[in-house]
Amino acid sequence: MLMISDVRKKFHTELGTVKEIFNGFNLEIEKGDFLTIIGSNGAGKTTLLDTITGNVVPDGGKIVVNGKDITNLPRYMRCNFISKVYQNPAMGTAPSMTVYENLSMADNKGRRFGLTMGLNKKRKIHYRRLLKELDLGIEDQMDTNVGSLSGGQRQCLALIMSTLNKPEVLLLDEHTAALDPKTSKIIMEKTKEIVEKNNITTLMITHNLQDAINYGNRLIMLHEGKILLDINGEEKKNLTTEKLLHVFNTKDAGLKDSEVFAV
């Protein structure tokens, strides 16, 4: 479904040095996979997502979605089938527009419409139902400017907006990192529900090792632009944070599975 082949990427730093992020990176993800991604800072996690969205242009390699080569496809065209939720709740929503207007705008993504035309009264009931399931009171603030909502409410709204049209690929860049534990749990459970119900291929970056274990059917650990660990199914369910920390601490790209689980 999503295939990343031989991707290479270097950045030039402000000091004039060259930092290599990927050198022949490969990753293949099946339709409906929910992939959690962990790794230390600078491992290439966000660059990977940005390469998929088109925000970062690779120096070489190929990116294919559903058999279509999108390597050179403009970013605005990828938005028609790829959605992303950011770490910062301020991103992904329009703060000066109401909750209702934001949802309507997301609902009409990829189609030509005037804002007035996009506001479909019949859809308002649908939006309220989706928001009510979050149990954060957003359904009663449909005519409130998004900028007046709490960070947690805005992030919940961003998640709903990003999945309204059931994208082919959903990218989550630490989308619960800035939230309190209660709201984070709500967001994660809603994420799981939406992804599984709609069979959306999902990649989620997280620094929360327990969330990486609890959610999704596959987990990869990145280190210096390489996949240090790739595990799924029952093996993933049997992981513990201690085992993952063991791999973090060794940072040995040649580590064998038997060594990973010998803790």
How do 157-170, 57-70, 213-226 rank on mean C-beta neighbours within 10 Å, highest first? 157-170, 213-226, 57-70
What do you get for Rg/Rh over the range 64-206 if you use C-alpha atoms and the Kirkwood form of Rh? 0.95
On full extension of the chain, what length is gained from LYS19 through MET91, given 0.36 nm per residue of separation minus the C-alpha to C-alpha distance? 23.2 nm
Ignoring ligands, DNA and RNA, what percent of the accessible area of the chain is carbon or sulfur (1.4 Å)? 48
Kindly state, as a whole number, the per residue volume in cubic angstrom of the convex hull around the alpha carbon atoms of the range 51-106. 100
Given a 1.4 Å probe, how much area per residue of the chain is accessible, in Å²? 49
Summed residue charge, Cβ within 13 Å of THR163's Cβ, Lys/Arg positive, Asp/Glu negative: +1
Rounded to whole Å and sorted largest first, what semi-axes of the equivalent ellipsoid does the C-alpha gyration tensor of the range 1-133 yield via the square root of 5 times each eigenvalue? 34, 17, 15
In Å and whole numbers, how far do the C-alpha atoms of the chain stretch along each principal axis, longest first? 57, 39, 38
According to the square roots a ≥ b ≥ c of the eigenvalues of the Cα gyration tensor, what is the shape class of the range 142-213, taking rounded for a/c under 1.5, prolate for a/b larger than b/c otherwise, and oblate for the remainder? oblate
Rounded to the nearest 5, what % of DSSP beta bridges with both residues in the chain are antiparallel? 55
For the range 1-47, what value does the Rg/Rh ratio take when both radii are computed over Cα atoms and Rh is the Kirkwood radius, given to two decimals? 1.06
Per the helix-only model, the chain has a calculated mean residue ellipticity at 222 nm (DSSP H runs of ≥4, -39500 (n - 2.57) each, divided over all residues, rounded to the nearest 500) of -10000 deg cm²/dmol
Ranking HIS12, THR47, LEU27 by how far each Cα lies towards the positive end of the charge dipole of the range 1-53 (+1 on Lys and Arg Cβ, -1 on Asp and Glu Cβ), the top one is HIS12
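The values are calculated or read from the model by the stated rules, or taken from the named source; none is laboratory data. In this text the structure is predicted, and so the values were computed from the model without any measurement. For neighbour counting, all protein chains shown are included, and Cβ atoms are generated from backbone atoms with ideal geometry for every residue, glycine included. Areas reflect the complete protein model, heavy atoms only, side chains present, ligands, DNA and RNA absent. Shrake-Rupley method; radii C 1.70, N 1.55, O 1.52, S 1.80 Å.
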